[in-house]
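Undergrad: Mind looking over this structure? Questions follow.
The values are calculated or read from the model by the stated rules, or taken from the named source; none is laboratory data. Since this is a predicted model, take the numbers as computed values, not measurements. We place every Cβ from the backbone using ideal geometry, glycine too, and count neighbours over all the protein chains shown. When the accessible area is computed, the model is the full protein with side chains, heavy atoms only, and any ligands, DNA or RNA have been set aside. Shrake-Rupley method; radii C 1.70, N 1.55, O 1.52, S 1.80 Å.
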Amino acid sequence: MNLKNLTVFNLADRNMSYLAARQKVLAENIANASTPNYLPKDVAKPDFIQEITNSENKLPLRATNAKHFTELKSVSDKKDAKGFAVYTPQPKNALTIDGNGVVLEDQMNEASKASSEYKRMITIYNSYKNMLSTATTKITG
């Protein structure tokens, strides 16, 4: 039985893939903290529920006006290997003299959040897997 065919496992797996991609981008930001003219990048969080509901022979939503999706104005067409959009957000803090926009404390905080969320997804995945295993176990006696 392929667990990814079940919605809860598919969502958990997709979210863990997103978090892994985000961890990779955050690690690149930290590694480039002293690179001149480097601006930190991030990964656009997909709408997982929308992906699931659109996958069952439903028509996907389309933007008919550029103003419909304003929160990701700077999202480029660059995608990582798993298909997540990588973008450069507008800097919230002043750049350093050499043009670097990485604030290590912010990047470390975001990496910690992503790690915690990843661990939470593993816990959810394993909990549902254990429940499914218990439900399908034959009782002998």
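Undergrad: Among the residues of segment 24-32, is there at least one that is open to solvent by 60 Å² or more (accessible area, probe 1.4 Å) and modelled with pLDDT under 80?
TA: Checked against the condition, which is being open to solvent by 60 Å² or more (accessible area, probe 1.4 Å) and modelled with pLDDT under 80, segment 24-32 yields no hits at all.
Undergrad: Something else: Out of segment 1-50, which residues are touching a residue at least 60 places away in the same chain (Cβ under 8 Å), part of a helix (DSSP H, G or I) and within 30 Å of residue 99 (Cα to Cα)?
TA: Residues satisfying the conditions are 18, 19, 20, 21, 22, 23, 25, 26, 27, 29, 30.
Undergrad: Let me ask something else about it. Return the residues of segment 79-137 that are outside any helix (DSSP H, G or I), open to solvent by less than 50 Å² (accessible area, probe 1.4 Å) and among the small types (Gly, Ala, Ser); say none if nothing qualifies.
TA: 83, 85, 99, 101
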